[in-house]
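Worksheet: one structure, shown below.
The values are calculated or read from the model by the stated rules, or taken from the named source; none is laboratory data. Everything quoted here is computed from the prediction, not taken from an experiment. Cβ atoms come from the backbone with ideal geometry, glycine included; neighbour counts cover every protein chain shown.
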Amino acid sequence: MNPAPNLILIGPMGAGKTCIGRRLAERFTLDFVDVDQAIVEAAGASIADIFEHAGEAGFREQERTTLARLLAGQGQLVSTGGGAVLDPANRALIAARGFVVHLHVSVPAQLERLARDKGRPLLQRPDREQVLHDLARHRDPLYQQLADLTLDTDLFTAADATAQLVVKLATHWQRQDLTA
């Protein structure tokens, strides 16, 4: 058993962090928090608008601040953005404040799942497949380094992936109450 105050989902865009995360949070009676959504709410602007006006560096600073604020709490399922692992401070915080589940997805599955998605700034280019391969090459080792548990979501529906994770988490993760 690996006790931790929060359950944290990491992985690339299209892996199912939000959809699976909501289901897992309900199953384990955790508060669901999506870091990207929390950034949007705090900034009063979409991720695309933040990228356009502050650049990726500005977005990453807001992500760092938001993640630190959220992970100060407990009893949450926190769904991170795909690039949250790029910052060493974020990685340290994620490792210290949660049991980390890496949802892996292949580039072909990402292309299929994200085919109609127009809201991801890093994919607003004609070479989407190459972008996804480049992101995977750089980020996958970071996801693997942080993960307490990994699930490949390619062949699973959100419901099936959730069922798989419920079983695995029951034997690997124990919710830690820091107020006791």
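Is it true that some residue in the range 1-16 is in a helix (DSSP H, G or I), touching a helix residue (DSSP H, G or I) at 6+ places or on another chain (Cβ under 9 Å) and either modelled with pLDDT under 95 or within 23 Å of Asp117 (Cα to Cα) (or both)? There is no residue in the range 1-16 that is in a helix (DSSP H, G or I), touching a helix residue (DSSP H, G or I) at 6+ places or on another chain (Cβ under 9 Å) and either modelled with pLDDT under 95 or within 23 Å of Asp117 (Cα to Cα) (or both).
Suppose the filter is under 16 Å from Ile10 (Cα atoms), in contact with a Cys (Cβ under 9 Å, 6 or more places away or on another chain), crowded, with 17+ Cβ neighbours inside 10 Å and at pLDDT 95 or above; does Thr153 pass it? The answer is no for Thr153.
For first residues located in the range 44-59 and touching a residue at least 40 places away in the same chain (Cβ under 8 Å), partners that are among the acidic types (Asp, Glu) and lie 6+ apart or on another chain with Cβ distances below 8 Å form the pairs Ile47/Asp36. With the structure loaded, tell me whether Gly73 is out of contact with any Phe, Trp or Tyr (no Cβ under 8 Å at 6 or more places or on another chain), buried (at least 17 other Cβ atoms within 10 Å of the Cβ) and assigned to a loop (DSSP other than H, G, I, E, B) or whether it fails that test. No; evaluated as a whole, the condition is false for this residue.
Here the condition is being surrounded by fewer than 16 Cβ atoms within 10 Å (Cβ to Cβ) and of a type outside the set (Asp, Glu); of Arg125, Arg113, it holds for Arg125 alone. Put simply, of Ala57, Ala45 the only residue that is in a loop (DSSP other than H, G, I, E, B) and either among the aliphatic types (A, V, I, L, M) or more than 14 Å from the chain's Cα centre (by Cα) (or both) is Ala45. Going by what's in this entry, would Arg97 be described as buried (at least 17 other Cβ atoms within 10 Å of the Cβ), among the basic types (Lys, Arg), in contact (Cβ under 8 Å) with a residue 12 or more places away in the chain and out of contact with any strand residue (DSSP E or B) (no Cβ under 9 Å at 6 or more places or on another chain)? In short, no. Return yes or no: is Arg91 of a type in the set (D, E, K, R), closer than 19 Å to Asp140 by Cα and surrounded by 17 or more Cβ atoms within 10 Å (Cβ to Cβ)? Taking the combined requirement at face value, the residue satisfies it.
When Ser79, Ser106 are checked against the criterion of being among the polar types (S, T, N, Q), within 13 Å of Gly16 (Cα to Cα) and out of contact with any helix residue (DSSP H, G or I) (no Cβ under 7 Å at 6 or more places or on another chain), Ser106 stands alone in meeting it. For the range 115-162, residues that are charged (D, E, K, R) and within 28 Å of Ala89 (Cα to Cα) total 7.
Quick one: in the range 83-94, which of the residues that are in a helix (DSSP H, G or I) and in contact (Cβ under 8 Å) with a residue 12 or more places away in the chain is farthest from Gln130 (Cα to Cα)? So the residue we want is Leu93.
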